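The values are calculated or read from the model by the stated rules, or taken from the named source; none is laboratory data. Computed from a predicted structure; not experimentally measured. FYI the Cβ positions are ideal-geometry reconstructions off the backbone, even for glycines, and counts take in every protein chain you see. SASA here: full protein model, heavy atoms, side chains in, ligands and nucleic acids out. Shrake-Rupley method; radii C 1.70, N 1.55, O 1.52, S 1.80 Å.
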Amino acid sequence: MKFFIDTANVDAIRKAHERGMVDGVTTNPSLVAKEGRDFKTIVKEIASFVEGPISLEVVSEDAEGMLKEARDLNGWIDNAAIKIPLTWEGLRATKQCADEGIKTNVTLCFSANQAILAAKAGATFVSPFIGRLDDVGHSGMQLIADMVQIYANYGYETEVIVASIRHPLHVFEAAMLGADIATIPPAVIDKMVQHPLTDVGIERFLADWEKVKGKK
Ligand code: E4P
């Protein structure tokens, strides 16, 4: 399973990268706004040490505007994946990007039918937002199960990025379903390593070691 990190915070990306847990990065306008810095500067900094795909989102609502932005963003770095919303205009732009060899991440996917359209448009990645579905009383994880099954049925190459992850259980369940990628907020990655029995175990081993240390 590939791990993307879901943030535009360069320090957080660097920390996860040093731990060997960054196969790619996803950003969106809200995450970039949180940083309060120039978007292009942030992107260049991330690309200076991350080799995997870095998702950069367009903000136009018409296909022509999206395409213009996609071509521009794609020229910033070698490993861009252009995030395009799942609308008819977005799908038109996605198809054109595929024809031009520009990688895409079709975002704001909330249904299996939308996911089929994204794959047919030639999306490199598609991002179902599971946390936001859970928030409104629908099962985000059922959507992942449906997408994994449908893409396998037809051999679509589009990769599923499980997005809007809120807690470690989301990562575990996505892995059980065979999703290609989870894009995970830094705080959730931090939580994944935690287990009280690991801490207690270390404490006991060290205490026992103290008893024999230096004995000949
Ligand atoms: C990732 O590509 C999305 O932008 C992100 O996961 C959205 O998460 P949120 O629902 O917590 O804003």
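Among the residues that make up segment 170-181, is at least one of them within 16 Å of the ligand (Cβ to nearest atom), in a helix (DSSP H, G or I) and open to solvent by 60 Å² or more (accessible area, probe 1.4 Å)? Checked against the condition, which is being within 16 Å of the ligand (Cβ to nearest atom), in a helix (DSSP H, G or I) and open to solvent by 60 Å² or more (accessible area, probe 1.4 Å), segment 170-181 yields at least one hit.
Within segment 132-164, restricting attention to residues that are of a type in the set (D, E, K, R) and within 15 Å of ASN105 (Cα to Cα), the residue that is farthest from the ligand (Cβ to nearest atom) is GLU157. Whenever a residue of segment 153-171 is on the phi > 0 side of the Ramachandran plot, it has no partner that is of a type in the set (A, V, I, L, M, F, W, C) and surrounded by fewer than 13 Cβ atoms within 10 Å (Cβ to Cβ) lying with C-beta atoms less than 6 angstrom away and at least six residues away or across chains. Put simply, of ALA81, ALA123, ALA115, ALA93 the only residue that is within 24 Å of ALA175 (Cα to Cα), among the small types (Gly, Ala, Ser) and in a helix (DSSP H, G or I) is ALA115. Please find, within segment 91-131, the residue that is surrounded by the fewest Cβ atoms within 10 Å (Cβ to Cβ) out of those that are basic (Lys, Arg) and away from the ligand (no atom under 16 Å from the Cβ). Looking at the filtered set, the residue picked out is LYS120. Being surrounded by fewer than 19 Cβ atoms within 10 Å (Cβ to Cβ), within 16 Å of the ligand (Cβ to nearest atom) and among the β-branched types (Val, Ile, Thr) is a property that VAL59 has.
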